[in-house]
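The values are calculated or read from the model by the stated rules, or taken from the named source; none is laboratory data. The shown structure was predicted, so the numbers you read here are calculated from the model rather than taken from an experiment. FYI the Cβ positions are ideal-geometry reconstructions off the backbone, even for glycines, and counts take in every protein chain you see.
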Amino acid sequence: MNWTSKATFALSLVGGLALLGVATPFTDRPKFCAGCHTIAPSYESWAKSSHKEVSCVACHIRPGLEGWLHDKVLAGAKDTAIYLLGTPTDAHNLKASVNSEVCLSCHRHILRVSEIAARDLPSPVKEVGLIMNHRRHMQAFKARGQEEGCTTCHSGVVHDAPIKGYPVVIPRGHLSADSKPWYPIYPEGSYLRDRALRDCFSCHDGKSRHDGHILDQKCETCHLPDKISGALLFN
């Protein structure tokens, strides 16, 4: 390689790094993501959620070089190519993953909460006496090996609306057992509609087993007995 070729290569490298340095912060902004009409509904729901101060990349891109290269550079380039040259996925069928370790980077304390007495429960689950043990569920998800995690139960916390009058998106409640009619706003047969209709009974169906036990549907399995009669989901 002669001197001219080396100089050209060096200038190209410096120029590329400079462009990357300028482009990366710009593409990290939520409004940049909203520039794609397919993502716009997700942006609008995020802007009204409890996570509106958390940027898109904070949840959807894993920390570290591998996460940045795979989740942002490669996935971003693929999505851009599809948006410009192909047929973008319908907004109601988007499937975006959030690694549980990303969630736990802010919410790791939830694994230390005993959650076996009302005093340990956060509102509003305190009112319905939900004794959800997060650590055991995370261990069960890992054992099942189906890439489940935090978003298995909390998938709508940012990009969905409260269900049946709950003050927050969670707890999702028992959609199939509740006396209140409720239907998702998403089209029939769409991924988001199917996701919205999944609830605790998706696993606790009286048939599935974990650690040698059947995941039954008894109220007392997940709720404190003295709270059941006044639980919001049965009003």
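Looking at the range 51-59, is at least one residue free of Cβ contacts under 8 Å to residues at least 40 places away in the same chain, buried (at least 16 other Cβ atoms within 10 Å of the Cβ) and not assigned by TED's automatic domain parsing to the domain that holds T221?
yes
Which of the helices (runs of 4 or more DSSP H) contained wholly in the range 1-100 include at least 3 residues that are at pLDDT 75 or above and of a type in the set (G, A, S)?
Hits in the range 1-100: 40-47, 75-85.
Can you tell me which of D194, D199 is modelled with pLDDT of 80 or more and touching a His at 6+ places or on another chain (Cβ under 9 Å)? Explain how you work it out, then say what you get.
On the way: D194 fails: touching a His at 6+ places or on another chain (Cβ under 9 Å).
Checking each option against the conditions leaves just D199.
Would you tally the residues in the range 152-188 being farther than 22 Å from A58 by Cα, under 15 Å from the mean Cα position of the chain (by Cα) and modelled with pLDDT of 75 or more?
Result for the range 152-188: 0.
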